[in-house]
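Participant: Here it is: the structure, laid out below.
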């Protein structure tokens, strides 16, 4: 009698492109936590810079804007960087970048968030400035 074969399952590279299913799931989680005021900040100083770039006066205005724009952000707006990055602030949690034209703001927008242990963290939210 022969031994059952052991098929090797390759270890997934955490810097590899996320699957469409992963992008859908992480975006859905981010939107749900955003609607429930449960998204945390990854970096308060960066958030303050983004708030100024958005021309908003208060932190609450940024969260209101994000909630208003959340219906616009779709999985097809995912824009992977050349090399997938992880968050230093969040011990290597993968980050998800989205860019789209916002009808709410009438300009191109960019949002980046990370998810660590089921918790969403806002990394960046500002007008999109693609590098040419």
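None of the figures in this text is laboratory data; all of them are computed from the coordinates on show. If you're wondering where the values come from, they're calculated on a predicted model, not measured in any experiment. For neighbour counting, all protein chains shown are included, and Cβ atoms are generated from backbone atoms with ideal geometry for every residue, glycine included.
Participant: Find how much the distance from residue 19 to residue 45 grows on full extension, using 0.36 nm per residue of separation minus their present alpha carbon separation; answer in nm with one decimal.
Facilitator: 6.3 nm
Participant: Two decimals is fine: what's Rg over Rh for the stretch 39-127, C-alpha atoms, Kirkwood radius as Rh?
Facilitator: 0.94
Participant: Calculate the spin-label point distance for residue 74 paired with residue 129, positioning each point 7 Å from the Cα along the beta-carbon direction, and give it in nanometres.
Facilitator: Each label point is offset 7 Å from its Cα along the Cβ direction, giving 2.8 nm.
Participant: Evaluate the distance, in nm, between pseudo-label points positioned 7 Å from the Cα of residue 91 and of residue 35 along their respective Cα→Cβ axes.
Facilitator: According to this spin-label approximation, the distance is 3.0 nm.
Participant: Quickly work out the residue 101-to-residue 60 label distance, labels modelled 7 Å from Cα along the C-beta direction, and quote it in nm with one decimal.
Facilitator: Roughly 3.3 nm, to one decimal.
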